[in-house]
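Here's the structure, in structure tokens; my notes come after.
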Amino acid sequence: LTSEKTDADAINIAEIKYNPIDFEGQYYIIITTTFEDESAAKAMVNDLKVKGFEAIYFYLPDKSNSTEEVYQVFIGPFENEEETKQWIENLNLEVTLINLKNGVVLKNVKSNRLKEQEKLAKEKAEKEQLASQKVEEEKTKELAIEKENEQLKAQQEEKEKQATLKVEEEKKRKELAIAKERQAKLKVKEEKKTEELAIGKERKRLEEENKKLKAEIAKLSKEENTKLKKLNEKIKITYSYKFTKITNEKGQLIITNNAGFPIIKQNYSNIQSQGGPEKLIEKVKYELDNYGTSLDGVYFEKSNTIVQVYNGTIEVLFW
């Protein structure tokens, strides 16, 4: 708030509860203005009295539940709401109507004259806005015409420029056609010469590839013979055992061999209750040493049995 008069809403007057005042037969007062400066409130009271109003002011915290340190000017009291409204019509202000008996803020009220002034001010503002819009529209039209003229001028200049370019391009096209024809004749000669060189080079390349192909065939034949020989080879099969712990109670036994058969993997749990890794290896070794085993169609002979080298595609089996 400033020291000048302020709108009642600026101090949240709707939230204020005024102390009830007992004026016999009187029920309403009108809060007209609020000031921070007491002298301004006094001046306002004097001004209202000169105009014929019963006016007074009070310090707001003394008369209500508000702690806002301001002074409020009011006129009244009045006997009824109708009488109150008649006095409001003599004020060119928006005021607040208070019930004296319970201290309740009833409503904010404007005089018809103030409403009319606000209406006229609004109509004036709307007229000014329409006038301003019209000026802007005229200005926009002028700019549009100016822009259109500039575009037409630019289009004409562009046409003239394109025509000049077309003449120059036609001249260049003829010059390029002559040069192209000359280049085509030279190209035919070059291509003929290049073709002769390419034929000789291709012949030499084919001869070299033929030699390489013969050598590759000989190499493949040798490798194939070696492979067939290996497939027919027989060997005494032996097994190797490796146990890997995953946790204290889980692990995996991996069994490899020297005859190319698939690797065998066996998973275990509860290792300690079965005697530990050594006991598990001993059990499997005993079976392979004495009986061998069959897994998914692949038969593993017992240790030290003569077998043909494995030529299947299975690489790993689980026991």
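The values are calculated or read from the model by the stated rules, or taken from the named source; none is laboratory data. Values in this document were obtained by computation on a predicted structure and should not be read as measured data. Cβ placement follows ideal geometry from the backbone for every residue including glycine, while neighbour counts extend to all protein chains displayed. To get the accessible areas, we keep the full protein, side chains included, count just its heavy atoms, and leave off ligands, DNA and RNA. Shrake-Rupley method; radii C 1.70, N 1.55, O 1.52, S 1.80 Å.
Remarks
Condition check ((1) open to solvent by 50 Å² or more (accessible area, probe 1.4 Å); (2) among the basic types (K, R); (3) part of a helix (DSSP H, G or I)) across all residues:
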| position | (1), (2), (3) |
| --- | --- |
| G251 | no, no, no |
| A259 | no, no, no |
| I264 | no, no, no |
| L280 | no, no, yes |
| V284 | no, no, yes |
| K302 | yes, yes, no |
| V307 | no, no, no |
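- Lone unmet requirement of (1) in contact with a Leu (Cβ under 7 Å, 6 or more places away or on another chain); (2) at pLDDT 90 or above for K107: (2)
- Members of segment 50-95 found to be assigned to a helix (DSSP H, G or I), of a type in the set (K, R) and either closer than 22 Å to S39 by Cβ or modelled with pLDDT of 90 or more (or both), listed by number: K63
- Number of the exception - I21 against (1) assigned to a loop (DSSP other than H, G, I, E, B); (2) closer than 24 Å to L114 by Cβ; (3) in contact (Cβ under 8 Å) with a residue 60 or more places away in the chain; (4) not charged (D, E, K, R): (2)
- Among the residues of segment 23-69, the ones that are farther than 22 Å from G103 by Cβ and of a type in the set (V, I, T) come to 1 in all.
- The one condition from (1) more than 60 Å from the chain's Cα centre (by Cα); (2) open to solvent by 70 Å² or more (accessible area, probe 1.4 Å); (3) small (G, A, S) that G200 does not meet is (2).
- Residue in segment 32-41 that is modelled with pLDDT under 95 and aliphatic (A, V, I, L, M) present: no
- Going through (1) open to solvent by less than 100 Å² (accessible area, probe 1.4 Å); (2) under 45 Å from the mean Cα position of the chain (by Cα); (3) not hydroxyl-bearing (S, T, Y) one by one, A177 falls short only on (2).
- Test: residue in segment 147-170 that is open to solvent by less than 90 Å² (accessible area, probe 1.4 Å), of a type in the set (V, I, T) and farther than 30 Å from N19 by Cβ: yes
- Test: residue in segment 132-140 that is touching a Leu at 6+ places or on another chain (Cβ under 7 Å) and in a helix (DSSP H, G or I): no
- Hits in segment 82-108 - residues which are under 21 Å from K63 (Cα atoms) and either without any contact (Cβ under 8 Å) to a residue 40 or more places away in the chain or surrounded by fewer than 17 Cβ atoms within 10 Å (Cβ to Cβ) (or both): N99, K101, N102, G103, V104, L106, K107, N108
- Taken as a whole, the condition of being charged (D, E, K, R), surrounded by 12 or more Cβ atoms within 10 Å (Cβ to Cβ), out of contact with any Cys (no Cβ under 6 Å at 6 or more places or on another chain) and free of Cβ contacts under 8 Å to residues at least 40 places away in the same chain applies to E54.
- Here is the figure for segment 254-295: residues that are farther than 24 Å from N311 by Cα and in contact with a helix residue (DSSP H, G or I) (Cβ under 7 Å, 6 or more places away or on another chain) total 4.
- Qualifying residue in segment 4-21 (condition: modelled with pLDDT of 95 or more, open to solvent by 40 Å² or more (accessible area, probe 1.4 Å) and of a type in the set (K, R)): no
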